[in-house]
Each structure stands twice: as C-alpha cells, then as structure tokens.
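**Q** Quick one: the structure is below, and I'll ask about it shortly.
Bear in mind these aren't lab numbers, they're just calculated from the coordinates by the rules spelled out. As the structure is a computational prediction, the values presented were derived from the model and not from experiment. Note: ideal-geometry Cβ built from the backbone for every residue, glycine included; neighbour counts use all protein chains shown.
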Amino acid sequence: GSGSGDKPGTLGGPPDESRDKGTQQRRAGANATWNSIHNAVISVFQKKEMGENELYTLNEGVRSLLKTELGSFFTEYLQNQLLTKGMVILRDKIRFYEEAAGLFGRHLGLFLR
C-alpha cells in the first residue's frame, strides 16, 4: 500500500548524508590529532624544543583521541610502536656518543703518553 512507506527522518536521526559527513569530519580531526602527537613524540626524542602551549595542546589531543573509537588503537600504537621508535632514536644517539667518546679517549691517551 501507498501509506506503508517510511518518511525520511522520522526515526529521530539526521539523514544518512549528514551523519556520514559528521563521521568523516571526526575521523579527519582524529587523524590530524594522531599525526600531531606522533610528530611531537618523535621531536621530543630528537631533543627538539616544543612551542609555547604545545605540551598542553598535545595533552588535550591525547585526551580527546582516547575518547574516540580510535582510543584503544592509539594506546596500543603509542606503547608498541611510537615509544619503541623513540627508544631506537635514543639508542642510536647513545651509540654515537659512546663511539665519539671512545675515539676522544684514545686520542687523549696518546696525548698523555
């Protein structure tokens, strides 16, 4: 019958199109936040200075990201990949300085003979 069809929007939710747009915007925002946190963590391990209020902004970004559907993925990524990558950066720096110190020590030893 002609009266049995559902009217669009009668279920109380917005039409699919605007809901999808909102989801896309939230995902884009979460991706941008994720990328900025990634870059900032790597910068810290590289001993680059943070800008004014950057730590506060990143903290707020982490808090908002943890509230999204990406929250559990982000926690796992932070622990298993991003911090590991940072530790590799630190290890390589330590090796570099140890080698440099070893060379310096050998030269100093020759000088003191």
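**Q** Of all residues in the stretch 49-81, which are aliphatic (A, V, I, L, M) and farther than 26 Å from residue 23 by Cα?
**A** Within the stretch 49-81, 50, 55 qualify.
Yes or no, residue by residue, for (1) more than 23 Å from residue 90 (Cα to Cα); (2) not β-branched (Val, Ile, Thr):
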position: 23; (1), (2): yes, no
position: 35; (1), (2): no, yes
position: 38; (1), (2): no, yes
position: 45; (1), (2): no, yes
position: 49; (1), (2): no, yes
position: 52; (1), (2): yes, yes
position: 56; (1), (2): yes, yes
position: 63; (1), (2): yes, yes
position: 76; (1), (2): no, yes
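**Q** Helices (runs of 4 or more DSSP H) wholly in the stretch 16-81 with at least 1 residues that are in contact with a Phe, Trp or Tyr (Cβ under 6 Å, 6 or more places away or on another chain) and surrounded by 13 or more Cβ atoms within 10 Å (Cβ to Cβ) - which ones?
**A** Per the criteria, 54-66.
**Q** Which pairs have Cβ atoms under 9 Å, sit 6 or more apart or on different chains, and link a residue in the stretch 91-105 that is closer than 15 Å to residue 45 by Cβ to one that is part of a helix (DSSP H, G or I)?
**A** Here the result reads 93/45, each pair linking the stretch 91-105 to a residue that is part of a helix (DSSP H, G or I).
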